[in-house]
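Asker: Pasting a structure here, questions to come.
The values are calculated or read from the model by the stated rules, or taken from the named source; none is laboratory data. These figures come from a predicted structure and were not determined experimentally. Cβ sites come from the backbone with ideal geometry, for glycine too, and all protein chains shown count toward neighbours. Side chains are part of the model used for accessible areas, which takes the heavy atoms of the whole protein and leaves out ligands, DNA and RNA. Shrake-Rupley method; radii C 1.70, N 1.55, O 1.52, S 1.80 Å.
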Amino acid sequence: MNIRTVATAPFNDQKPGTSGLRKKVSVFQSPNYLENFVQAIFDTIAAPAGSTLVVGGDGRYYNREAIQIILRIAAANGFGKVLVGQGGILSTPAASCVIRKYRTFGGIILSASHNPGGPDGDFGIKYNTANGGPAPEKITDAIYARSKALDSYRIADAPGVALDQQGSFSLGGMAVEVIDPVADYAGLMESLFDFEAIRALLKGGFRMCFDAMHAVTGPYAKEIIEKRLGAPGGTVINGVPLPDFGQGHPDPNLTYAHELVEIMYGASAAAFGSAQAAPLSPLPERSRRQPDFGAASDGDGDRNMILGRHFFVNPSDSLAVIAANAALAPGYAKGLAGVARSMPTSGAADRVAAKLGIPCYETPTGWKFFGNLMDAGKVTLCGEESFGTGSDHVREKDGLWAVLFWLNILAKRGQSVEDIVHRHWAEYGRNFYSRHDYEGLPSDAANGLMAHLKSQFASLPGQRFGSYQVKLCDDFSYTDPIDASVSTGQGLRVIFEDGSRIVFRLSGTGTEGATLRIYLEAFEPDAAKQRRDAQEALAGLINIAHELSELKQRTGREQPTVIT
Ligand code: G16
């Protein structure tokens, strides 16, 4: 094998964000950009010669080209074997599953998650460690440091590997095994859930729709939901992964999964969710009677949105409902060790944990913060408000897993989605919750707004805003209970005397300007008052958020881009 050492200059912008390095495709295509970052990963992880790596992605534009480059750099850096998903495809949870099942040294996942794809869209890359989870901050910080000092990378001169055919190949002496991207993952799902009960549910007239949004979950959902669980063909819509996601935005929320929302809400869809709801198209034949259950997943298959007929399940509530009903799924019948949620996620899961007598951990935003807790056996379930739910079956959040968990619960309880959530609120109280996103803000304006908020923190406690009195304000920081690592600057919290709160954060996953997220939460124990619209119930807090942040003066915006 001929290995070339290529001289290069470091880039100064390769700092991984909330979940890996995400940039425009054109940035990754610029000479040496991807190569440098991959070499920085390999230099940092220092895998012993002959190690095995997993490589796969969500199928977005540049996925195949990037995989060929990574294979050649892996060969030049002494890896003995790489497992690649057929067609270059591996959903993020499936990659985690494969890393764990075959005990590989780690894996590289190519995805910009829910961000749009195509030549003008986004691309991303992240490294996952041997536990199957995203590398923790100490590794991503070291990769970043290395990327700033890199002056060369090593690459094998070898022809590309045919990714469309399963089998074993050789690339300059390194083994490349092209594997079925679905089989291992589907087998794992079958071991966790009561497929018999779900099959019976689907046979008995229960109708569902799964929107794969032309992203990676299409083949997984078709195999599991249509083939193994027997749902009729056509249950999975937009099931063919496309490099540009059919020009869509593969983010399973009420704004971007509008086709599914139209199906589930029928004519009233426009009233829901978004300040920018797309106009309604004529209803397709199948939605004359809305399905009982709707779900969608994102670009790389780790997010999920759960809908009932005319009913949206807030992701924070979804985590709480799954926790409360976990014993109904065979894989969780023995009970939960604990649950964890990110700080901005509502406290609904905390109430379930308290009742179950198990711990509930509060971490910063980012799935990587759950890894240590799961590895130490402290938590079984984890979730985030950003449409992420998962468990210790892998070390990533898992969209289809959440869908199957809901199906398992629905099959066992025989009630509607709406009914299950209403009963949950009646039992535990309702954490009214919403997230308002302001996308594409100039970075200066967003940073100025956050600095302005922080500057008021000393004087806010004790101040009254209508019926709300400020109890405390802080910039959230977290000390990992397992390795004692400290993460600071994780979101500005304004907490009121009655437990309501407003959190302000800048997203760490965007590639253009800044995205401001405002998270709003208020608790309602009275069942008679729980069925109000969340925006209405949170209106007072929304006004306070605008006032404290000087949102309009600083950004010119009054309406969020997306409301969850
Ligand atoms: C990533 C992380 C999640 C995080 C989400 C939103 O998800 O894995 O843990 O909650 O981003 O992060 P931010 O608010 O910083 O944009 P994904 O699905 O994009 O990988």
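Asker: If contacts are Cα pairs under 8 angstrom and at least 6 residues apart, what is the relative contact order of the chain in percent?
Answerer: Details: 1290 pairs, mean separation 76.9, N = 564.
RCO, the chain: 14 percent.
Asker: Using Cα pairs closer than 8 Å and at least 6 residues apart in sequence, work out the relative contact order for segment 430-563, in percent. Provide the component values of the computation, followed by the final result.
Answerer: Values: 229 pairs, mean separation 49.0, N = 134.
Dividing the mean separation by the residue count of segment 430-563 yields 37 percent.
Asker: Could you please state how large a percent of the accessible area of segment 68-169 is carbon and sulfur, counting protein chains only and using a 1.4 Å probe? Don't skip to the end; give the middle numbers.
Answerer: Working: 1700 of 3390 Å².
Carbon with sulfur: 50 percent of the solvent-accessible area.
Asker: Can you give me the % of accessible surface on segment 348-461 that is carbon or sulfur? Probe 1.4 Å, all protein chains present, nothing else counted. Don't jump to the answer; show the numbers that get you there.
Answerer: On the way: 1560 of 3480 Å².
Reported share for carbon and sulfur atoms: 45 percent.
Asker: Checking a compactness column here: for segment 2-181, what do you get for Rg(Cα) / (2.2 N^0.38 Å), N being the number of residues?
Answerer: Working: Rg = 14.6 Å, N = 180, 2.2 N^0.38 = 15.8 Å.
The value comes to 0.92.
Asker: Working only with C-alpha atoms, what are the Rg and Dmax values of the chain, expressed in angstrom?
Answerer: 23.0, 73
Asker: Can you work out the FRET efficiency for the pair Arg199 and Val240, with r the C-beta to C-beta distance and R0 = 22 Å, to the nearest 0.05?
Answerer: Details: r = 25 Å, r/R0 = 1.13.
Efficiency at R0 = 22 Å is approximately 0.35.
Asker: Give me the distance between the Cα centres of segment 322-354 and segment 106-153, rounded to whole Å.
Answerer: Each part reduced to its Cα centre gives a spacing of 30 Å.
Asker: Based on the alpha-carbon set only, what is the convex hull volume of segment 185-428 divided per residue, in Å³?
Answerer: Values: hull volume 29.1 nm³, N = 244.
Normalising the Cα hull of segment 185-428 by residue number yields 119 Å³.
Asker: His310 to Ser455: FRET efficiency via 1/(1 + (r/R0)^6), r the Cβ-Cβ distance, R0 60 Å, to the nearest 0.05? Show your work: numbers first, answer last.
Answerer: Values: r = 44 Å, r/R0 = 0.73.
Computed FRET efficiency for His310 and Ser455 comes out at 0.85.
Asker: Follow-up question, since we're still on this one. When only alpha-carbon atoms are used, what values of Rg and Dmax, in angstrom, describe segment 301-383?
Answerer: Expressed in Å, the Cα Rg and Dmax of segment 301-383 come to 12.6, 40.
Asker: Can you flag which of Lys126/Lys397; Lys334/Lys355; Lys23/Lys454; Lys138/Lys368; Lys334/Lys378; Lys126/Lys222 are past 18 Å Cα-Cα?
Answerer: Lys23/Lys454; Lys126/Lys222, as the Cα separations exceed 18 Å there.
Asker: Of all GluC sites (Glu not before Pro) in segment 462-558, which ones are in loop regions per DSSP and have a Cβ with at most 11 other Cβ atoms within 10 Å? Please list the in-between numbers first.
Answerer: Values: sites: Glu497, Glu512, Glu521, Glu536, Glu547, Glu550, Glu558; in loops: Glu497, Glu512, Glu550, Glu558.
Answer by residue number: Glu558.
Asker: Ignoring everything except DSSP H segments at least 4 long, calculate the 222 nm mean residue ellipticity for the chain; use -39,500 (n - 2.57) per segment, divide by total residues, nearest 500. If you can, show how the numbers build up before the last one.
Answerer: Numbers: 18 runs with 169 residues, N = 564.
Result for the chain, helices only: -8500 deg cm²/dmol.
Asker: Can you tell me which of 48-60, 414-426 comes out highest on packing, and rank the rest after it, using the mean Cβ neighbours within 10 Å? Walk me through the numbers on the way to the answer.
Answerer: Details: 48-60: 23.0, 414-426: 17.4.
Sorting 48-60, 414-426 by mean packing, highest first, produces 48-60, 414-426.
Asker: Would you list the P(r) distribution for segment 171-225, with all Cα-Cα distances sorted into 10 Å bins from 0 and each bin expressed as a whole %?
Answerer: 19, 39, 27, 10, 5, 1
Asker: Could you work out how far apart the two model spin labels at Lys552 and Gln535 are, taking each label as a point 7 Å from the Cα in the direction of the beta carbon, and quote it in nm?
Answerer: Simple spin-label model gives 1.7 nm for this pair.
Asker: Also: So which trypsin sites (Lys or Arg not before Pro) in segment 437-538 end up in coil per DSSP with only 16 or fewer other C-beta atoms within 10 Å? List each step's numbers first, then the result.
Answerer: Working: sites: Lys454, Arg464, Lys471, Arg493, Arg501, Arg505, Arg517, Lys529, Arg531, Arg532; in loops: Arg531, Arg532.
Those that pass, being in a loop and sparsely packed, are Arg531, Arg532.
Asker: Using a 1.4 angstrom probe, figure out how much accessible area segment 2-181 has per residue, in square angstrom, rounded to the nearest whole. Working shown, then result.
Answerer: Values: 6290 Å² over 180 residues.
With the other protein chains kept in place, segment 2-181 gives 35 Å² per residue.
Asker: May I ask you to compute the full-extension gain from Asp475 to Lys334, defined as 0.36 nm times their residue separation minus their alpha-carbon distance, rounded to one decimal in nm?
Answerer: Values: separation 141, 0.36 × 141 = 50.76 nm, distance 3.75 nm.
Full extension from Asp475 to Lys334 adds 47.0 nm.
Asker: Would you work out the relative contact order for segment 185-428, in percent, from Cα pairs under 8 angstrom that are 6 or more residues apart?
Answerer: 20 percent
Asker: Under a 1.4 Å probe, what is the accessible area of segment 430-563 per residue, stated in Å²? Can you show the working numbers first?
Answerer: Details: 6010 Å² over 134 residues.
Heavy-atom SASA per residue in segment 430-563 reads 45 Å².
Asker: Quick one: what Rg and Dmax do you get for segment 430-563 from the alpha carbons, in Å?
Answerer: Just the Cα atoms of segment 430-563 yield Rg and Dmax of 15.4, 45 Å.
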